[in-house]
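Presented below is the structure to which this report refers.
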Amino acid sequence: MKKLFFIFSLGFLVIICFFLFLFPRSQFPRTGQNIADAPNIVIYVIDTLRWDKVSAYGCPQSISPEIDYLSKQSTLYVNAFSTSCWTIPAHASLFTGLYSQQHQTNQLDIYLPDPKTTLAEKLKQAGYQTAAFVNNSLIGRNTNFLQGFDHAYEAFRDEEPQAVVPVQDPFKHDVLSTVVKWLHQYKPPEPYFIFINTIEPHLPYTAPHPFRKIFLSTAEAKKNWDHTYKMFAENFLKIKPFSDQWKAVMPKLYAAEVRFIDYHLGRFLRELKLNRIGRETLFILLSDHGETLFQRHEYQMDHQFHLHDEVIRIPLIINFPRYMSKNDMRLPKVSLIDIYPTIMHLIREPVQSEIRGKNLLAPDYGHELIFTEYYKPDFSVNYFFSQGYELDDKYKCSLFSVQNDEFKMIKRTKGNDEFFDLKQDSAELNNLISMPHYELKKNELSETYKSFRLLQAAEKSGTQPVQFDDKTKACLRELGYLQ
């Protein structure tokens, strides 16, 4: 009898230890409970940052010393991908954990629907103070991206943050300085969630002279390289093509923008370290999409009208010492949709069944397949039309891509599909769509794409027309989205 009791007790202890291993005391409490031990969370999106223009990802130039230093203290995801090639759908996926077809926020309808539960809303419900500091007018009140944030600062408005003590910022649109001032002045007692978007290195490339002269020759640095989005539109349409000199200088100006925002990132990280208020901080650095930089063809500089690697692959660096190793490079493919479930796991909140992202802290993280979407680009097409130009019909279509470790297919609703052997052609320059040798692989990816489209099919929320205020319109004109 005693032996039986001993065996029963030993088995019970094993079960208890197993559950303690799965759910240790260091896990963060659930919504409504004491969240004193919950970490601060900071997500920082560097808009339009190409993954391969970061030194830590193999760029031969020393463009980003501060990001490089951060990566050595953090976990770097080598194969991270956006869900689209431009700002609106990418941020919607980041905030909701959903693909574009699910959240339905794209060039056809740029308003983030209220029924979609955002990361900020979930963290606010869990007891976090939530604050957004953005310098891209597409990610603001007009498009409903600030739902769930207690404090909101839109730098392009050149105004003080809502519900925040006055901020006197000597640097116009210096978002990171504004975040630091907010931390100094507000000093939130609860854990905070801060979302940051800085517009650099988005077009136009206007880094200050000290950063330009790092990459430009003395003669180039003295020359005025001021440019407008209209110039790029005219180059794209081959109406007024750039000279060879301009084509050589534009990537250098982009590099100067990267160095400029990298410098400010370093300042911000040092301040953040001093202002953790006794808490550890989960810091996530990433981009929403990349930039073409004439890589695809000599007439395209930005990130519209295609889904190739240079615009959908992004840097992703996560610093969180409790769970993640220093100087750790992880190879499995990951996606923007993985950020949402990862944070839900940390605060022990359930993830909605429609979310296909994975917890980046779990052993089985990573995706066998990466899907990206780019719906009919009405926003961009209308810009060209407003300038008196008509785009070829081949650009007036939706694009979808699916890829695994070996192959990638890009499908267009108006034909001209593409297929690449990634093992032989990682730059995606040799379209094999007409090669019979790859017919089986093409059919496999095509069927996978069709299954994905059916699986992700969702009823579109009723469209809500977006009315931009004057300051938002002015900023959108500067970025080339409005006339």
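The values are calculated or read from the model by the stated rules, or taken from the named source; none is laboratory data. Here the structure is a predicted model, which means the values were calculated and not measured. Methodologically, a virtual Cβ is constructed for each residue, glycine included, from the backbone with ideal geometry; neighbour enumeration extends over all protein chains shown.
For region 30-38, check the following and say yes or no: at least one residue is modelled with pLDDT of 50 or more, within 30 Å of H264 (Cβ to Cβ) and of a type outside the set (F, W, Y).
There is at least one residue in region 30-38 that is modelled with pLDDT of 50 or more, within 30 Å of H264 (Cβ to Cβ) and of a type outside the set (F, W, Y).
Out of A255, A248, A219, A207, report the one residue that is surrounded by 17 or more Cβ atoms within 10 Å (Cβ to Cβ), outside any loop (DSSP other than H, G, I, E, B) and small (G, A, S).
Answer to the check: A255.
Suppose we filter G388, G366 for residues that are touching a strand residue (DSSP E or B) at 6+ places or on another chain (Cβ under 8 Å) and part of a loop (DSSP other than H, G, I, E, B); which single one remains?
Of the residues listed, the single one that is touching a strand residue (DSSP E or B) at 6+ places or on another chain (Cβ under 8 Å) and part of a loop (DSSP other than H, G, I, E, B) is G366.
I'd like to verify a number: residues in region 362-379 that are crowded, with 17+ Cβ neighbours inside 10 Å, hydrophobic (A, V, I, L, M, F, W, C) and modelled with pLDDT of 90 or more, how many?
Adding up the residues that qualify gives 2.
For region 408-429, which positions are part of a loop (DSSP other than H, G, I, E, B), within 27 Å of the chain's Cα centre (by Cα) and not β-branched (V, I, T)?
Once the filter is applied, which keeps residues that are part of a loop (DSSP other than H, G, I, E, B), within 27 Å of the chain's Cα centre (by Cα) and not β-branched (V, I, T), region 408-429 yields D417, L422, K423, D425, S426, A427, E428, L429.
Can you tell me which of S137, S93, S177, S100 is buried (at least 18 other Cβ atoms within 10 Å of the Cβ) and at pLDDT 90 or above?
Selected residue: S93, the only one of S137, S93, S177, S100 that is buried (at least 18 other Cβ atoms within 10 Å of the Cβ) and at pLDDT 90 or above.
Residue check: is S386 of a type in the set (G, A, S) and either more than 20 Å from N106 (Cβ to Cβ) or under 25 Å from the mean Cα position of the chain (by Cα) (or both)?
So S386 fails the test.
Tell me, please, whether a residue that is at pLDDT 95 or above, assigned to a loop (DSSP other than H, G, I, E, B) and in contact with a Phe, Trp or Tyr (Cβ under 7 Å, 6 or more places away or on another chain) can be found in region 333-345.
yes
Would a scan of region 64-82 turn up a residue that is of a type in the set (A, V, I, L, M, F, W, C), touching a Ser or Thr at 6+ places or on another chain (Cβ under 7 Å) and assigned to a loop (DSSP other than H, G, I, E, B)?
no
Residues that are modelled with pLDDT under 60, touching a Gly at 6+ places or on another chain (Cβ under 8 Å) and surrounded by 16 or more Cβ atoms within 10 Å (Cβ to Cβ): does region 455-473 have at least one?
yes
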